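The structure appears right after this line, and notes come after that.
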Amino acid sequence: MNILIVYAHPSKKSYTFQVLEHLKSQISKQNWNLEVSDLYAMNFQSDMSEQEYEREGFAKTELSISNDVLDEHAKIEKADCIIFLYPVWWSDCPAKLKGWFDRVYSVGYAYGQNETSQKMKTIPFGLVICTAGHPNEFLKEINMAQSMEIIMLEDRLGKRFENKEMLILGGTLELEKVMAKHFIEIEEVVDRIRKYCH
């Protein structure tokens, strides 16, 4: 089993980093192959260049794709499961991760295929895990949870994934109240992966 974690957080002192470490330890117990795209550590370029925009905006698939994007394509093509892990900042993922979608989901690959382009493979399972300050109940009450799910699962993951789920680890403003529950949920991620990836 090949697992790819696309991780977006700038600080190793963060709770999101603790979640990443716990997730990695759970996956390593399964003897699965794990690769992590740590976007901040990689200094991943999140802004699209003018040339990249020209390729995307005008569907000029004959224009070249940057090497850092091709590296991410190679990781995607190997993966049976992709986990996106990030903190919720102003109702969405950090700009680094948004930029990953902007650039890595290139035309001809993730959408807008033509006869010469290489189409992104359909991934058996996509899991979105995000940490959020507010409790899940509050995020649902103000329709933020639903909004995040629609954007991540229906648009960004979309039909590129056979199965997809979102796990919101909310309530981190009072971490001591939620941490034990969150870590159990992270441990259950392994069962979710096994269910969808044979």
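The values are calculated or read from the model by the stated rules, or taken from the named source; none is laboratory data. Everything quoted here is computed from the prediction, not taken from an experiment. Methodologically, a virtual Cβ is constructed for each residue, glycine included, from the backbone with ideal geometry; neighbour enumeration extends over all protein chains shown. Quick note on the areas: whole protein, heavy atoms, side chains included, nothing else; ligands and nucleic acids left out. Shrake-Rupley method; radii C 1.70, N 1.55, O 1.52, S 1.80 Å.
For the reader, a short list of remarks on this structure follows.
- Heavy-atom accessible area order for VAL178, VAL19, largest first, 1.4 Å probe: VAL178, VAL19
- Among the trypsin sites (Lys or Arg not before Pro) in segment 1-61, those placed in a DSSP loop whose Cβ has at most 11 other Cβ atoms within 10 Å are LYS13, LYS29.
- As a fraction of the 1.4 Å probe accessible area of segment 1-108, surface on carbon and sulfur atoms comes out at 48 percent.
- Sequence-distant residues sharing a close amide H with SER37 (under 5 Å, placed H): ILE5, VAL6, TYR7
- Centroid-to-centroid separation of segment 137-198 and segment 20-94 [C-alpha atoms, Å]: 18
- Proximal aspartates and glutamates relative to LYS13, as straight alpha-carbon distance under 20 Å, when same-chain residues fewer than 8 apart are discounted: GLU21, ASP38, GLU174, GLU176
- Ellipticity estimate at 222 nm from DSSP helix runs (n ≥ 4, -39,500 (n - 2.57)) divided over the chain, nearest 500: -12000 deg cm²/dmol
- Inter-label distance for GLU188 and GLU77, nm, one decimal - labels placed 7 Å from Cα along Cα-to-Cβ: 3.6
- Listed candidates (i) 37; (ii) 68; (iii) 41 - label of the one calculated as percent of Cα pairs over 24 Å apart: (iii)
- Entries in LYS12/LYS164; LYS24/LYS195; LYS12/LYS159; LYS75/LYS164; LYS98/LYS121; LYS121/LYS195 that, when Cα-Cα distance is taken, lie over 24 Å: LYS12/LYS164; LYS12/LYS159
- Rounded tilt (10° steps) of 67-78 against the dominant C-alpha axis of the chain: 60
- Choice from ASP71, ASP80, ASP92 showing the highest fluctuation, given a GNM over the chain with Cα pairs closer than 10 Å: ASP71
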